[in-house]
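The values are calculated or read from the model by the stated rules, or taken from the named source; none is laboratory data. Source: prediction; values computed, not measured. Ideal geometry is used to build each Cβ from the backbone, glycine not excepted, and the neighbour counts take in all protein chains shown.
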Amino acid sequence: MKIKNPITAIWRSDASRGLKIIAYSLLLVFVTSLPLIAYVIFGPSDGNPIGLGLLFAGGAMVAHVGFFVGLLMLIWDHYFRK
């Protein structure tokens, strides 16, 4: 089984544009949380990763906006573009 790049798999899919934006928002949350998770697992036990926490918080805020925009686009496509 060939492993696909998730970004190009989303880009080339036949999904609606709202679903694509929601999927990219979810990817953004995962990408911004990975450094913080890696620091918690592998870093020192007495460390305080403020910068990594801010990175994750910023990515989560942008992803929430993207989710909201994607949801609005799904609603618009479903009810007003027929």
Taking LEU36, is it of a type in the set (A, V, I, L, M) and touching a Leu at 6+ places or on another chain (Cβ under 9 Å)? yes
Residue set GLY18, GLY53; condition modelled with pLDDT of 90 or more and touching an Asp or Glu at 6+ places or on another chain (Cβ under 7 Å); output residue GLY18
